[in-house]
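Asker: This is the structure I have questions about; it appears just below.
The values are calculated or read from the model by the stated rules, or taken from the named source; none is laboratory data. Since the structure is predicted, the reported quantities are computational estimates derived from the model, not experimental observations. Heads up, the Cβs are rebuilt from the backbone with ideal geometry, glycines too, and the neighbour counts pull from every protein chain shown.
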Amino acid sequence: MNYWVKNSIDLASKPGYLDNIYNVYPMEVGDIRQFPKELRNKIKLACEAGDKLDLIKLLLNNLDLFPIKDSYIAFLRRNKGALDINPGTVERIGGRLLNMGFNEIIKASSQPKETNRQIGPLFHRWIPKLGYPVLSEQDFLNHKGVAFLEGSDTYLKDFSNKYLKTKLKKGLDLLLKVKSKYIIGEAKFLTDFGGHQNAQFNDAINLLHGKGGNAVRIAVLDGVLWIKGNNKMHNYIKKEKGAAMSALLLENFIKKF
């Protein structure tokens, strides 16, 4: 098994893995969503009157988070007029809302933002904690030791394509220089299996397996993929030959050069 993969799996099964990875991804539950008292009163009146159409319109027009999951909500958000010409949909969704009742509607609509939507910037904020300089382009190019390039994921991609001839189409989470070597990579914290998390995993692996250019490619992965078990993601990563590793091993990887 690949050295970095094996050590990441071992690390994830040892005491303190989650405690330590929290330093990289310090995800906090967001504040409860608030909305005005006047709006609450309007929602309550619509519930008491059993006015399904008015209730749906109030929620769609005023709340970021619709209180129920339904595949048709995104369509209705983008085409408000559809409510007036699809009575069956209004009856179905409105009926579910009335069955919930006012208190449950308010509770469901007040849930904080999901933490996994906040993950993106956290890795970038953690990089300086490794103790290496994070430099602007010209200083980075002139630097003789270890340094990270400062900039957004798009900026890092553009630099990589310009100077390292990598022909990337997606942004990067890290670009660093170790002596004469350049290292590019994506960083993901995978909170579960399936759906969007699989897509995140695939993005990192696709970068790792990409060809061309003058850069060492790595995938910095953390979360459920390192849990020993018979799931697709773990079974795949066990066979990975490239440099896939936990963020907690990134400094050790740098020191190998």
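Asker: What about K14, is it charged (D, E, K, R) and at pLDDT 90 or above? Lay out the reasoning, then the answer.
Answerer: Values: charged (D, E, K, R): yes; at pLDDT 90 or above: yes.
So K14 passes the test.
Asker: Might you check whether a residue that is among the hydroxyl-bearing types (S, T, Y) and free of Cβ contacts under 8 Å to residues at least 40 places away in the same chain occurs anywhere in region 113-125?
Answerer: Checked against the condition, which is being among the hydroxyl-bearing types (S, T, Y) and free of Cβ contacts under 8 Å to residues at least 40 places away in the same chain, region 113-125 yields no hits at all.
Asker: Answer with yes or no whether A108 is farther than 30 Å from K239 by Cα and either without any contact (Cβ under 8 Å) to a residue 12 or more places away in the chain or of a type in the set (K, R) (or both). Show your work before the answer.
Answerer: Working: farther than 30 Å from K239 by Cα: yes; either without any contact (Cβ under 8 Å) to a residue 12 or more places away in the chain or of a type in the set (K, R) (or both): no.
Answer is no for this residue.
Asker: Continuing with this model, one more query. Taking region 56-82 on its own, how many of its residues are surrounded by fewer than 12 Cβ atoms within 10 Å (Cβ to Cβ) and over 15 Å from R96 (Cβ atoms)? Break it down stepwise before answering.
Answerer: The initial filter retains those residues of region 56-82 that are surrounded by fewer than 12 Cβ atoms within 10 Å (Cβ to Cβ), namely 61, 64, 69, 71, 74, 78-79, 81.
If we keep only those that are over 15 Å from R96 (Cβ atoms) as well, we get 61, 64, 74, 78-79, 81.
Total meeting the criteria: 6.
Asker: Given the residues L168, L208, L156, L225, which is the only one that is touching a residue at least 24 places away in the same chain (Cβ under 8 Å) and not in a helix (DSSP H, G or I)? Steps first, answer last, please.
Answerer: Numbers: L208 fails: not in a helix (DSSP H, G or I); L156 fails: not in a helix (DSSP H, G or I); L225 fails: not in a helix (DSSP H, G or I).
Result: L168 is the single residue among L168, L208, L156, L225 that is touching a residue at least 24 places away in the same chain (Cβ under 8 Å) and not in a helix (DSSP H, G or I).
Asker: If you don't mind, another one. Which count do you get for residues in region 124-152 that are in contact with a helix residue (DSSP H, G or I) (Cβ under 8 Å, 6 or more places away or on another chain), part of a helix (DSSP H, G or I) and within 19 Å of I218 (Cβ to Cβ)?
Answerer: Final tally of qualifying residues: 2.
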